[in-house]
Amino acid sequence: MNLPRSAAASAMRGGVIVPAAYRYNAKHPENQMPKLTIIAFDGTQYHFDVQNGSTVMENAVRNSVPGIEAECGGACACATCHVYVDEEWSATVGAPEAMEEDMLDFAYDVKPTSRLSCQIKMSEGLDGLVVHVPERQA
Ligand code: FES
């Protein structure tokens, strides 16, 4: 196997190879992992420490949160990753861009705080973000 030296060292230690952008670095607290809470429709809360740059959808799917289908894999082409951003976070997360706005037309029970979770990238600014899963996807 032909791996970069750092990846090979990680593999030799039996570790999972994690891209540099996702590694925790104590010298750079800005690289700490933001917290994400996803609240399923039945009220079950899922709490995660997530990688900067990962999307809410990726974290939901990776952790089998019910109600996030993500049929297109994050290409903003299916609207089955629809979530409601918690009211407290809506302004911080911001409004959808034009393509996402168009796809939201296909989502079920769209509200002012609706977003496609594949279009929300986690960052330090979103540390503590809370989103809610709708009753069903379209
Ligand atoms: S995963 Fe398809 S639009 Fe988000």
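Restricting attention to segment 60-90, the residues that are farther than 14 Å from VAL131 by Cβ and outside any loop (DSSP other than H, G, I, E, B) total 1.
Scanning segment 99-116 for residues that are more than 14 Å from the ligand (Cβ to nearest atom) and over 13 Å from VAL131 (Cβ atoms) turns up ASP109, PRO112.
The set of residues from segment 117-131 being more than 16 Å from the ligand (Cβ to nearest atom) and either surrounded by 15 or more Cβ atoms within 10 Å (Cβ to Cβ) or within 8 Å of the chain's Cα centre (by Cα) (or both) comprises LEU126, ASP127, LEU129, VAL130. Pairs meeting the criteria (first residue in segment 105-119 and under 17 Å from GLY74 (Cα atoms), second residue charged (D, E, K, R), beta carbons under 7 Å, at least 6 apart or on different chains) are LEU116/GLU100; GLN119/GLU100. Could you tell me whether ALA70 is closer than 19 Å to ASP86 by Cβ and within 13 Å of the chain's Cα centre (by Cα)? It is false that ALA70 is closer than 19 Å to ASP86 by Cβ and within 13 Å of the chain's Cα centre (by Cα).
For segment 100-116, the set of residues classified as part of a helix (DSSP H, G or I) and either at pLDDT below 95 or over 19 Å from the mean Cα position of the chain (by Cα) (or both) consists of ASP102 only. If you go through segment 37-74 and keep only what is near the ligand (Cβ under 10 Å from one of its atoms) and of a type in the set (Asp, Glu), you end up with GLU58, GLU69, GLU71. Scan segment 75-86 and tell me whether some residue there is more than 22 Å from ALA138 (Cβ to Cβ) and either more than 10 Å from the ligand (Cβ to nearest atom) or touching a helix residue (DSSP H, G or I) at 6+ places or on another chain (Cβ under 7 Å) (or both). No, segment 75-86 contains no residue that is more than 22 Å from ALA138 (Cβ to Cβ) and either more than 10 Å from the ligand (Cβ to nearest atom) or touching a helix residue (DSSP H, G or I) at 6+ places or on another chain (Cβ under 7 Å) (or both). Scan segment 27-59 for residues that are over 12 Å from the mean Cα position of the chain (by Cα), within 17 Å of GLY125 (Cα to Cα) and assigned to a loop (DSSP other than H, G, I, E, B) and the total you get is 3.
The values are calculated or read from the model by the stated rules, or taken from the named source; none is laboratory data. It should be emphasised that the depicted structure is a prediction, and the values quoted were computed from it without experimental measurement. Cβ coordinates were reconstructed from backbone atoms using ideal geometry, including for glycine residues, and neighbour counts include every protein chain displayed.
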